[in-house]
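The values are calculated or read from the model by the stated rules, or taken from the named source; none is laboratory data. Since the structure is predicted, the reported quantities are computational estimates derived from the model, not experimental observations. Because the Cβ atoms are built from the backbone with ideal geometry, glycine has one as well, and the counts that use them run over all protein chains shown.
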């Protein structure tokens with residue numbers, strides 16, 4: 001008897017991995033390779049490489065790290081949504097979920113996965129967003145619902161007052177990058193970065209540049225965000 005459409009083999013979903021750590025990409029690729037319903041169609045370590053692969057490989061879903069070699073995962077999410085708003089996006093990083101998950105969702109992601117639980121949860125998370133469902137931890141789901149109901153932004157720390165770009169500059173300062181290096185990485189002028197530094201100092205009630213650098217470094221270490229440059 002000939003196979004019916006219902007019994008025909010389903011085409012594997014194409015997954016694009018965007019992460020600046022080769023070991024992380026290798027680990028995700030191995031996990032995905034063991035699944036019959038999905039396959040890796042490409043890997044990228046920065047924003048431009050990722051955008052090129054989106055155009056060339058036409059992925060069905062993209063896993064995006066928040067911190068990339070150059071650029072920001074949040075900015076990449078926004079750009080992909082402009083390029084192709086139909087692709088489901090899953091944000092993944094070591095960053096504090098309460099600070100970054102909401103930003104990723106606002107940017108256009110359908111889920112957020114902490115790398116500390118990625119090994120056991122990433123396949124389920126990918127399948128969930130492929131099915132058009134949100135993927136968040138139970139605690140973060142409750143927070144998003146609370147925000148939706150109240151219409152207010154519930155802050156947990158002064159850092160949450162920073163915009164996405166200000167937070168990106170703040171993190172890069174904590175990693176030890178100079179103003180000029182941050183400007184080159186973000187494709188902005190040093191004067192613009194200086195302006196962001198001033199905005200951050202005002203929002204965090206910091207008196208000078210030295211206090212800003214110290215606070216950025218402390219925040220990075222305490223939040224377990226320190227990664228290899």
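Condition check for residue 87 on (1) in a loop (DSSP other than H, G, I, E, B); (2) under 17 Å from residue 164 (Cα atoms); (3) at pLDDT 95 or above: one failure, at (2). Return a yes/no flag: does the stretch 174-195 have any residue that is surrounded by 18 or more Cβ atoms within 10 Å (Cβ to Cβ), at pLDDT below 90 and either in contact with a strand residue (DSSP E or B) (Cβ under 6 Å, 6 or more places away or on another chain) or assigned by TED's automatic domain parsing to the domain that holds residue 115 (or both). Looking through the stretch 174-195, none of the residues is surrounded by 18 or more Cβ atoms within 10 Å (Cβ to Cβ), at pLDDT below 90 and either in contact with a strand residue (DSSP E or B) (Cβ under 6 Å, 6 or more places away or on another chain) or assigned by TED's automatic domain parsing to the domain that holds residue 115 (or both). Looking at 90, 53, 76, 68 in this structure, which one is in contact (Cβ under 8 Å) with a residue 24 or more places away in the chain and within 14 Å of residue 126 (Cα to Cα)? The match here is 90. Within the stretch 20-41, the set of residues being assigned to a helix (DSSP H, G or I) and either surrounded by 10 or more Cβ atoms within 10 Å (Cβ to Cβ) or touching a helix residue (DSSP H, G or I) at 6+ places or on another chain (Cβ under 7 Å) (or both) comprises 22, 24, 25, 26, 27, 28, 29, 30, 31, 32, 33.
A single entry from 162, 213, 172 fulfils the requirement of being closer than 19 Å to residue 67 by Cβ and over 22 Å from the mean Cα position of the chain (by Cα): 213. Candidates in the stretch 168-204 are the residues that are assigned to a helix (DSSP H, G or I) and in contact (Cβ under 8 Å) with a residue 40 or more places away in the chain; of these, the one that is nearest to residue 217 (Cα to Cα) is 174.
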